[in-house]
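Worksheet: one structure, shown below.
The values are calculated or read from the model by the stated rules, or taken from the named source; none is laboratory data. Note that the coordinates shown come from a computational prediction; the quantities given were computed from them, not determined experimentally. Here Cβ is always computed from backbone atoms with ideal geometry, including for glycine, and neighbour counts include all displayed protein chains. The area values use the complete protein model at the heavy-atom level, side chains included, leaving out ligands, DNA and RNA. Shrake-Rupley method; radii C 1.70, N 1.55, O 1.52, S 1.80 Å.
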Protein chains: 2
Amino acid sequence: MGNTTQIEQALERFKAAQEQMMAMNYATSILFWDASTGAPKSGADKRSTSIGTMSGFMYKLLVNETMDADLNLLTNHLDALSDVDRVRVVDTKKEYDKLTKIPMEAYQKYSALTSKASMIWEEAKENADFKLFEPYLEEIVSYLLKFAEYRGYQNHPYNLYIDDFEEGMTIDQLNTFFDTLRARIVPLLEKIQASGKQVATDFLGQAFPVDKQHTVSTDLLKTIGFDLNRGWFKESVHPFTMGLDVNDVRLTTHYYENDLKSALLSSAHEGGHAIYEQNFSEKVQGTPLATGTSNGFHESQSRIYENNFVLSRSFLSYFLLKLKADFPEQLGSIGDLAFYEGMNKVEPSLIRIEADELTYSLHIMIRYEIELGLFDGSIKVSDLPRVWNEKVKAYLGITPKHDGEGVLQDVHWSEGMFGYFPTYALGSAYAAQLMHYMKQDLDVDTCLKNGDFKPLTAWLNDKVHQYGSLVKPVDLMKQITGEAFNATYYCDYLEQKYSELYGLK
Amino acid sequence: MGNTTQIEQALERFKAAQEQMMAMNYATSILFWDASTGAPKSGADKRSTSIGTMSGFMYKLLVNETMDADLNLLTNHLDALSDVDRVRVVDTKKEYDKLTKIPMEAYQKYSALTSKASMIWEEAKENADFKLFEPYLEEIVSYLLKFAEYRGYQNHPYNLYIDDFEEGMTIDQLNTFFDTLRARIVPLLEKIQASGKQVATDFLGQAFPVDKQHTVSTDLLKTIGFDLNRGWFKESVHPFTMGLDVNDVRLTTHYYENDLKSALLSSAHEGGHAIYEQNFSEKVQGTPLATGTSNGFHESQSRIYENNFVLSRSFLSYFLLKLKADFPEQLGSIGDLAFYEGMNKVEPSLIRIEADELTYSLHIMIRYEIELGLFDGSIKVSDLPRVWNEKVKAYLGITPKHDGEGVLQDVHWSEGMFGYFPTYALGSAYAAQLMHYMKQDLDVDTCLKNGDFKPLTAWLNDKVHQYGSLVKPVDLMKQITGEAFNATYYCDYLEQKYSELYGLK
């Protein structure tokens, strides 16, 4: 037990070390930004060495005897700390345990394995040859099961990995979520496909000069509430957002000359992430809590701007007028409804990252069911190609021609990223729940019709953004909506939007 | 005294620490690049914190008891080391002594002083009020004199500061250099001005669209031998070059719509620096020796490409044809000779960074004489405005209207950068000496006429670039030319070029 001075000293040491880690983490992030936005590929080795060195320093700053003693002392005196300091200590202790409970040697072997596995996965995907990847994936799963024993878990080892990305989320809640989705969205998709309605999208595939796409994407970001004076908007191969500080939030999109929708939606999507990162309160700014509270909540912000706001009929009508000014030849003759329908067309695809709003979560459901099965032994790695194809057929009604566009399409598993996929679907579902309550406070539709995002973004600032990770996801949802996460809102939203769009009774 | 194993262990520890410093230095450089090429200004605080943290780690990696003992042991056994390791040790020991011989407290006070002085200088320059800056400059000079006592020096304290930027260079050699310049270039300038010859430059001030300037600048870089596949060429407010690795060399230029010459020359100038950085031999790659051997030699490479190559009549004739294709309206009717004369017009200016090739070194001479005078007490800080204006009048024949365009124009002194200015002039003079010997091996003029830089760059690769800082500047000049640095070549070159251009007898 410590006296006040001991606690104060421990807290000071802890914060000083953590601030040094943050400073190095900042540098590492800039190196990543640099690499993603044009740095010569030939400089990769030097960059890797630098990142490796900084990782080593960050590890030593976290894992050492002084930190161990300080974290233990502080964890035993959480009541003596401010709310921000308390969360900093609890989060760091969790991270510390994660790093130290697994024997170093096993962790190093596992790191070497995933590094190799990612390369093998790439080759396997290219050759559509799952057999190549199979032994690596088996070993990864077996390591993760072993690590779960070292780290300890509640009820099911997979709970541990869900919690790594979405604190407080469990299999029980996810089962309910995906059961609801399966029961309501799979039949909805079948009805849509049976409706026979044809939606034209060819006008979105005309030639849209990239520099003008950049102009309209920038305009879109401004409109939805991203502050370009405190950020940087560039192009990269894969769009992403990087919040370095509320005053330095960076995001990218990617332009395809013959695909206007892609750039607009990825700008809106990353814009949602970026608006979250720009609006942490002063209380958490400059601390490690200046970050999204979970992957699911971060995704809820990208999805709410992309799907619920930008892809709404009201906003698209407003924005089409602006687009017509920049693309008079391409869009001059397109009507509101045709534009809305084209931008929202439902079409099952084999590839997750090309999926539309409606079918996206079904892709995630497939991955969730498989991850769970691998962790409880009900699915064997060697059965994956068959299991995958069966589920794609059952939920999306289509069949991959080969494993490259099937079970091998995503990199995540080769990197040991299990428990991550569900947060993509949670994001959309959280967004729908937030929208439901936002509509009780605001006339959302009128705002969207007028392109007036101020009230919408202010509501999200107040309810979600300001807290950073001070309030954890489960508590935050309760605090905002007065209830736990509930998938009903999401299914209601999808049914209403797409029944109307496809003229289902 | 150590045995072989002790030496090997010390060397291993030394190199491991040095590699960690290099990794952090790499990250710090990328942060600087990021800040200079578009990062939001509002993110400056976070960047400063990160740079400060990494500087702290780098300091601790260098200054500690183990490093002290290892450096002493290794310095006593230099014969046991390879040539590369020997230079690494000697250079680091020098840096170590520089950092440790000055008492920490004095150094911190000095750092605070220069930080304040830079801000005051800015204000003083804006208000053209030297009196504001005077007490700060007095204190800086007095600190530097005190530090010279701590650090030790040969004959004259200013020798120490020259050596910091140009190893082995001394006042004796610089006096000879500037005496020669004074005796030959000041009269040459007077003759040029008396010649009455009018050179037109108005055609260079037409509107040249910035995107096309970027195209021709990129083309120029390719032509002179910069490998764009192992580099990155962007725009920034002040042009600069950053060699992170032979495979990642970055450079910038700045475009002014109404000044084609500026972008072309700064591209060629930075291109020269960048070609040096791209061509270190494998032997020094990845070590701290993968850097220019001195400021003067680095500048010799930027100057040789900018002045001796690109501004030559032969190359400009070749390049004008290309420029006409991109700027037919602006340059279509311009003849070879008019272009050459316009690009090389001599015109004394008050501002160093706007000076032409001929008068540039006279600006440096003024600064050298003043720095020397301040260090030996023959010039008082309070006399500087008067002394400055007298020298500008004597050498350039013009007089500043106020101190803002006179003694206050450069930031260097406020940052304590004494001994740096002479290397700018040395660069041009080294370049002329190198050119003299290059012409004994190659038909330089024919290469330039054909825009064929391969033999020229290969010669410089072989004679200069490959060594990095393995061979020190004084030795390198001897090794290449068989003689010591000799200012005659530079004066001969300037006299010949400008006598011809201005039709002097």
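Overview of values
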read-out: Those residues of region B:179-224 which are farther than 30 Å from B:Lys505 by Cβ and touching a residue at least 60 places away in the same chain (Cβ under 8 Å), in sequence order; value: B:Gln206, B:Ala207, B:Phe208, B:Lys212, B:Thr215, B:Val216, B:Asp219, B:Leu220, B:Thr223, B:Ile224
read-out: Condition broken by B:Ile30, with the remaining ones in (1) crowded, with 18+ Cβ neighbours inside 10 Å; (2) more than 8 Å from chain A (Cβ to nearest Cβ) satisfied; value: (2)
read-out: Count - residues of region A:33-46 that are open to solvent by less than 30 Å² (accessible area, probe 1.4 Å) and without any contact (Cβ under 8 Å) to a residue 24 or more places away in the chain; value: 4
read-out: Qualifying positions in region B:172-182 - touching a helix residue (DSSP H, G or I) at 6+ places or on another chain (Cβ under 7 Å) and surrounded by fewer than 19 Cβ atoms within 10 Å (Cβ to Cβ); value: B:Thr180, B:Arg182
read-out: Options A:Ala394, A:Ala425: the member that is more than 15 Å from the chain's Cα centre (by Cα), farther than 21 Å from A:Ile120 by Cβ and small (Gly, Ala, Ser); value: A:Ala394
read-out: Matching residues, region A:177-196, being closer than 20 Å to A:Gly427 by Cα and among the basic types (Lys, Arg); value: A:Arg182, A:Arg184
read-out: Cβ pairs under 9 Å, 6+ apart, first in region B:159-173 and among the small types (Gly, Ala, Ser), second assigned to a loop (DSSP other than H, G, I, E, B) and modelled with pLDDT of 95 or more; value: B:Gly168/B:Ser294; B:Gly168/B:Lys472
read-out: Scope region B:33-43; condition within 7 Å of another protein chain (Cβ to nearest Cβ), assigned to a helix (DSSP H, G or I) and of a type in the set (Gly, Ala, Ser); matching residues; value: B:Ser42, B:Gly43
read-out: Flag if A:Ser115 is within 14 Å of chain B (Cβ to nearest Cβ) and either farther than 30 Å from A:Val284 by Cβ or open to solvent by less than 40 Å² (accessible area, probe 1.4 Å) (or both); value: no
read-out: Wholly within region A:352-457, helices (runs of 4 or more DSSP H) carrying at least 2 residues that are at pLDDT below 95, touching a Phe, Trp or Tyr at 6+ places or on another chain (Cβ under 7 Å) and open to solvent by 10 Å² or more (accessible area, probe 1.4 Å); value: none
read-out: Test: residue in region B:1-19 that is in a loop (DSSP other than H, G, I, E, B), in contact (Cβ under 8 Å) with a residue 12 or more places away in the chain and surrounded by fewer than 19 Cβ atoms within 10 Å (Cβ to Cβ); value: yes
read-out: Residues located in region A:466-505, provided they are among the polar types (S, T, N, Q) and assigned to a loop (DSSP other than H, G, I, E, B); value: A:Ser469, A:Asn486
read-out: Cβ-Cβ under 9 Å pairs, at least 6 apart or on other chains, region B:234-260 side over 18 Å from B:His298 (Cα atoms), far side open to solvent by less than 40 Å² (accessible area, probe 1.4 Å) and of a type in the set (D, E, K, R); value: B:Lys234/B:Arg250
read-out: Pick from region B:336-351, criterion touching a residue at least 24 places away in the same chain (Cβ under 8 Å) and either farther than 20 Å from B:Ser195 by Cα or among the β-branched types (Val, Ile, Thr) (or both), ranking: surrounded by the most Cβ atoms within 10 Å (Cβ to Cβ); value: B:Val346
read-out: Every residue from region B:53-69 that is more than 13 Å from chain A (Cβ to nearest Cβ) and open to solvent by 40 Å² or more (accessible area, probe 1.4 Å); value: B:Tyr59, B:Asn64, B:Glu65, B:Thr66, B:Asp68, B:Ala69
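The rows are residues; the columns are (1) more than 17 Å from A:Thr488 (Cα to Cα); (2) free of Cβ contacts under 8 Å to residues at least 60 places away in the same chain; (3) outside the structural domain of A:Gly482 (by TED's automatic domain parsing); (4) among the polar types (S, T, N, Q).
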position: A:Gly406; (1), (2), (3), (4): yes, yes, yes, no
position: A:Ala432; (1), (2), (3), (4): no, no, no, no
position: A:Tyr437; (1), (2), (3), (4): no, yes, no, no
position: A:Asp443; (1), (2), (3), (4): yes, yes, no, no
position: A:Asp452; (1), (2), (3), (4): yes, yes, no, no
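Every residue, every condition in (1) more than 26 Å from B:Val249 (Cα to Cα); (2) more than 9 Å from chain A (Cβ to nearest Cβ), yes or no:
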position	(1), (2)
B:Tyr26	no, no
B:Asp45	yes, no
B:Ile51	no, no
B:Leu71	yes, yes
B:Ser82	yes, yes
B:Arg88	no, yes
B:Thr100	yes, yes
